[in-house]
Amino acid sequence: MKEISKLKEQDIDLLLSTLECIGDGVIATDNEANIIYINQSAANLIGKDISDVYHKNLETEFRLANITNDKELVIPYKEVIKEKKSLGLKKDTVLVHSDGSIKYISAKISPISNANGEVVGVVIVFRDITRIRKNEVEQINQKNNFKAVFDNSPLGMVILDENIKVYNYNQVYRSTFAKDKDTIIGEYFGNTLKCLNAMGAQCGQGKGCPLCNIRKNLIKVLEKKKPYKDIISNYNTLVNNKQIEKWLKYDFVPINIGGNKKILVVIEDITEKKKIEKNMKNSMEMAEEANKLKSEFLANMSHEIRTPLNGLLGMIDLTLLTELNKDQRENLLIAKSSGNLLLKIINDILDFSKMEAKKLEIENRQFDIYKMIQELIKIHNKKANEKEIELNIMGINNIPQFVYGDLYRLNQILNNLIHNAIKFTEFGSVDIIVDMKESDNNKKELTFIIKDTGIGIREKDLGNLFKSFSQLDGSYTKKYSGTGLGLVISKQLVEMMGGHIWVESKIGIGSTFGFSIPILLGAGNTNLEEKIVLNPLEKCNKDKNYTILLVEDDMVNQQLVLKILGSKYNIITANNGLDAIEIYKKIKDIDLILMDIQMPLMDGIQVTNMIRDIYKDSIPIIALTAYALGGDKEKFLEYGVNDYISKPIDMNLLLYKINQVINQHKEKGNKDGKKTFNVKLSELEQIKEFIIELDKGMKDNNLDLIENRANVLKMEAIKIDADSIKNKAFKIELSIRRGDLEEAYYFINQLKDEYNNLINERDGYK
């Protein structure tokens, strides 16, 4: 008996498990409609937990309604008990979910009988048929709506049979293509279009018919039984006995009518649109050409202005390092200030042009924000002191020291806002308030507020502040000067960083400019360029055994660099690119090349390419350029230079970069030719892993992975002074940004060669 009892328990467990696994809802009740069992599917369909409905009344928990009149219905469990037979639900019955939504259901309510044949309850088995019901309604609606759409469509519609003959058409098609005929049913499609290929022959039998794009697509629709949309094709026809070209846009859709294959063709005459597009294309090409010429003009003008300006400012800097009396020093400082103002105007115009051409990019690198703010205060404190204005910084202790962003562009925005605040403030103070708050996606929001007690701005003028070349009125221009581009550039830079900028102002009280940008926190130390030194000539390395090839066609700039560097290093000069190549081939112990970019006969990029590609030399090259439009630093790095300095040359920056190269090469090896190999085995293994990941990225067509790994490899290569690896990684990164996989693949293979060279070099130093 125990075994029988055990078997029954197992059967019950199996039954309950089965009921829990099926997709249909199952509810069992006693004779009073109290729920004694409900499976999970049923609970999900009514929107309640099993524990909440157990032993509750069926009528309160299983709510039904009629979809046509919104009346509540009662499940017919009483009739089932009374008549001892199963019943279903009416067609328009829906189940009301606990959240008020409704579902179409099909259900069967059956009596539960005991061993004596007595009805002791009911069981409801039901399922969600909402999708099926909606499909039925949709099909009915489609049938009802098709004719209305067909007849009233603003586009021409025609239904073709398998022989490409007209089966039906709407009035738009008839009025467009066959208004001179009572009917076109049974005619070939091409004949109704008055296609010249079908003139004098039936459609499909003319000389040009085998090449007809329309016929090819119609045949494909019949064969593949799938639609072809937005097919644009042209054909020749006669209008008033004159041959013209017509352009039509087609949608071909296979349909079935009465079991027979048909094709619905939707036609739009786009002949006029094509004419407009052609005119617009011509206009755009002319505009692009004009924009290109403008950009080239600005770049060339920049070069022509920066070149003499470089000599002017450089000689002033050198003279300021000599013994001068007070008046001489003051005069030179005024001249330098005027030169720097001219340089700022040039930079504003160039930045604005790059923004117009959408060629200005935002970098994302770690930097020390404390140091940035200290430099800002140092730069603007002098002018503030001259005007007896307090320059205050607030909130600096509320932000972390290291963040990721574009240091140069953030500096540019802040310099402009602080400069304006001091310029338009005659007394009082300028406050720089910095704050950081939580933002979305684990990012921080960095906010700067520049508040002054200056002249203020009229409310009606606030809207013009961020418009190109806009100044409030002529009196401002005369008194304060400026291009009217500073705030425009600042606003666009903030928005390119994903932030926003705002202004509040009152006449006679002052102005408040603020901006917020999303930012990521940094992790630690940065390699910031230490550019501020008292006398850079005294601080730089002195090594007459260190040979620098200066390639510069402008004699003033050549003399300037010679005066800066001549007493410290062995300087060889070349007046153009061809001379540079000849000198490079003859003199083998050149340690560094300072390369002007824009030169006659052969420019600096061509020289660099020859050194890198033909002579396979990784000698450090620093570009000196006044050509400041385009990709700037990244563009020149892509060409193969190691670094880049924009003219007018900052003496401190030039010396810093030369010192940096000297120190790097001293670490690499000695001048007597006894070099050391400093790349560790673990670092080589890491490079190998990066190459494997790049290969995988190419195989999987994963552009994000390739760009990421190339970027990380580039940074790692910089750490270990592996210039050849760095250059190739950088070129891979740029190729992916351009979407040029073929070029990326080429540079990955070159990267493998450079890696093998490192391995061989290491073996040679063992």
Seminar exercise, completed: Going through the stretch 599-619 in order, the residues found to be under 10 Å from Val641 (Cα atoms) and under 33 Å from the mean Cα position of the chain (by Cα) are Gly604, Ile605, Thr608, Asn609, Arg612
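Among what's in the stretch 97-107 and is hydroxyl-bearing (Ser, Thr, Tyr) and not in a loop (DSSP other than H, G, I, E, B), pick the residue that is farthest from the chain's Cα centre (by Cα). Even if it seems obvious, please write down each step before you answer.
Within the stretch 97-107, the first condition is being hydroxyl-bearing (Ser, Thr, Tyr), and the residues that meet it are 98, 101, 104, 106.
Remaining after also requiring not in a loop (DSSP other than H, G, I, E, B): 104, 106.
On the way: Tyr104: 45, Ser106: 50 Å.
Going through the qualifying residues, I end up with Ser106.
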Exercise. Any residue at all in the stretch 195-207 that is assigned by the TED database to the domain that holds Asn256, charged (D, E, K, R), touching a residue at least 12 places away in the same chain (Cβ under 8 Å) and not in a strand (DSSP E or B)?
Worked result: no
Exercise. Residues Val158, Val137, Val166, Val123: which one is in a strand (DSSP E or B) and closer than 30 Å to Ser110 by Cα?
Worked result: Val123
Exercise. Can you name the number of the only condition in (1) within 18 Å of Asp348 (Cβ to Cβ); (2) at pLDDT 90 or above; (3) more than 33 Å from the chain's Cα centre (by Cα) that Tyr476 fails?
Worked result: (2)
Exercise. For Lys275, are the conditions met, namely being at pLDDT 85 or above, loosely packed, with under 13 Cβ neighbours inside 10 Å and in a loop (DSSP other than H, G, I, E, B)?
Worked result: no
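Quick one: which of Ser106, Ser153 is in contact with a helix residue (DSSP H, G or I) (Cβ under 9 Å, 6 or more places away or on another chain), in contact (Cβ under 8 Å) with a residue 60 or more places away in the chain and polar (S, T, N, Q)?
Ser153
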Exercise. Out of (1) modelled with pLDDT of 85 or more; (2) surrounded by fewer than 18 Cβ atoms within 10 Å (Cβ to Cβ); (3) not hydroxyl-bearing (Ser, Thr, Tyr), what's the single condition that is false for Gly631?
Worked result: (1)
Problem set entry | Matching entry among Ala722, Ala710 (being in the same structural domain as Tyr755 (by the TED database) and either among the β-branched types (Val, Ile, Thr) or modelled with pLDDT of 85 or more (or both)) | Ala710
Exercise. Taking into account only those residues within the stretch 56-83 that are hydrophobic (A, V, I, L, M, F, W, C) and outside any strand (DSSP E or B), which is nearest to the chain's Cα centre (by Cα)?
Worked result: Ile67
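Which of the helices (runs of 4 or more DSSP H) contained wholly in the stretch 1-54 include at least 2 residues that are modelled with pLDDT under 90 and among the basic types (Lys, Arg)?
Details: elements: 2-21, 40-46, 50-53.
Those helices (runs of 4 or more DSSP H) span 2-21.
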For this session: Go through (1) assigned by the TED database to the domain that holds Ile159; (2) exposed (fewer than 14 other Cβ atoms within 10 Å of the Cβ) one by one and return the number of the condition Ala287 breaks.
Result: (1)
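Of the residues that make up the stretch 86-106, is at least one touching a Pro at 6+ places or on another chain (Cβ under 6 Å), surrounded by fewer than 16 Cβ atoms within 10 Å (Cβ to Cβ) and over 13 Å from Val125 (Cα atoms)? Let's see the steps before the verdict.
Pass one, the stretch 86-106, residues touching a Pro at 6+ places or on another chain (Cβ under 6 Å): 87.
Going one step further and asking which of them are surrounded by fewer than 16 Cβ atoms within 10 Å (Cβ to Cβ), we end up with none.
Looking for residues that are touching a Pro at 6+ places or on another chain (Cβ under 6 Å), surrounded by fewer than 16 Cβ atoms within 10 Å (Cβ to Cβ) and over 13 Å from Val125 (Cα atoms), one finds none in the stretch 86-106, hence no.
Report the residue count in the stretch 237-287 for those that are acidic (Asp, Glu) and under 21 Å from Ile159 (Cβ atoms). It would help to see each step written out before you state the result.
So in the stretch 237-287, the residues acidic (Asp, Glu) come out as 245, 251, 268-269, 272, 277, 285.
Of the ones still in play, those that are also under 21 Å from Ile159 (Cβ atoms) are 251, 268-269.
Looking only at that region, the number is 3.
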Seminar exercise, completed: Out of (1) outside any strand (DSSP E or B); (2) at pLDDT 85 or above, the one Asp151 does not meet is (2)
Seminar exercise, completed: Checked the stretch 378-416 for anything in contact (Cβ under 8 Å) with a residue 40 or more places away in the chain and among the β-branched types (Val, Ile, Thr); matches are Ile389, Ile393, Ile399, Val403, Ile413
For this session: Answer yes if at least one residue in the stretch 512-532 is over 24 Å from Ile605 (Cα atoms), surrounded by 16 or more Cβ atoms within 10 Å (Cβ to Cβ), among the hydroxyl-bearing types (Ser, Thr, Tyr) and at pLDDT 75 or above, and no otherwise.
Result: yes
Exercise. Of (1) part of a loop (DSSP other than H, G, I, E, B); (2) touching a helix residue (DSSP H, G or I) at 6+ places or on another chain (Cβ under 8 Å), Gly186 satisfies all except one. Which?
Worked result: (2)
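Which of the residues that make up the stretch 422-436 are under 12 Å from Asn392 (Cα atoms) and not in a loop (DSSP other than H, G, I, E, B)? First the steps, then the outcome.
The initial filter retains those residues of the stretch 422-436 that are under 12 Å from Asn392 (Cα atoms), namely 422, 428-434.
Within the stretch 422-436, Ile422, Ser429, Val430, Asp431, Ile432, Ile433, Val434 qualify.
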Exercise. Val94 versus (1) of a type outside the set (Lys, Arg); (2) more than 60 Å from the chain's Cα centre (by Cα); (3) in a strand (DSSP E or B): which is the lone unmet condition?
Worked result: (2)
Problem set entry | One residue from Lys261, Lys194, Lys242 being farther than 21 Å from Tyr169 by Cα, among the charged types (D, E, K, R) and either surrounded by 11 or more Cβ atoms within 10 Å (Cβ to Cβ) or modelled with pLDDT under 85 (or both) | Lys242
Exercise. Taking the stretch 295-347 as the search range and keeping residues that are basic (Lys, Arg) and over 22 Å from Asn416 (Cα atoms), which one is surrounded by the most Cβ atoms within 10 Å (Cβ to Cβ)?
Worked result: Arg329
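Each row is one residue, and each column tells you yes or no for (1) part of a loop (DSSP other than H, G, I, E, B); (2) modelled with pLDDT of 80 or more; (3) within 27 Å of Asn757 (Cβ to Cβ).
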residue: Lys585; (1), (2), (3): no, yes, yes
residue: Leu594; (1), (2), (3): no, yes, yes
residue: Val607; (1), (2), (3): no, yes, yes
residue: Ile611; (1), (2), (3): no, yes, yes
residue: Asp617; (1), (2), (3): yes, no, yes
residue: Ile622; (1), (2), (3): no, yes, yes
residue: Lys635; (1), (2), (3): no, no, yes
residue: Ile645; (1), (2), (3): no, yes, no
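Working only within the stretch 382-421, note down all residues that are in a loop (DSSP other than H, G, I, E, B) and of a type outside the set (Gly, Ala, Ser). Break it down stepwise before answering.
Going through the stretch 382-421, the residues in a loop (DSSP other than H, G, I, E, B) turn out to be 387-389, 395, 399-401, 406.
Matches in the stretch 382-421: Lys387, Glu388, Ile389, Ile399, Pro400, Gln401, Asp406.
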Exercise. Taking helices (runs of 4 or more DSSP H) that fall entirely within the stretch 681-745, which contain at least 2 residues that are over 23 Å from Tyr639 (Cα atoms) and touching an Asp or Glu at 6+ places or on another chain (Cβ under 9 Å)?
Worked result: 681-700
Problem set entry | Test result for Leu560, within 43 Å of the chain's Cα centre (by Cα), in a strand (DSSP E or B) and either modelled with pLDDT of 80 or more or among the acidic types (Asp, Glu) (or both) | no
For this session: Could you pull out the residue among Leu248, Leu218, Leu222, Leu238 that is part of a helix (DSSP H, G or I) and free of Cβ contacts under 8 Å to residues at least 60 places away in the same chain?
Result: Leu218
Exercise. Of the numbered conditions (1) assigned to a loop (DSSP other than H, G, I, E, B); (2) farther than 30 Å from Gly23 by Cα, Gly117 satisfies every one except a single condition; which is it?
Worked result: (2)
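Yes/no matrix, rows are residues, columns are (1) surrounded by fewer than 18 Cβ atoms within 10 Å (Cβ to Cβ); (2) aliphatic (A, V, I, L, M); (3) at positive phi; (4) modelled with pLDDT under 90:
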| site | (1), (2), (3), (4) |
| --- | --- |
| Asn69 | yes, no, no, yes |
| Asn116 | yes, no, no, yes |
| Val122 | no, yes, no, no |
| Phe126 | no, no, no, no |
| Ile140 | yes, yes, no, yes |
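The values are calculated or read from the model by the stated rules, or taken from the named source; none is laboratory data. Model, not experiment: these values are computed from the prediction. Glycine also receives a Cβ, built like all others from the backbone with ideal geometry; neighbour counts cover every protein chain displayed.
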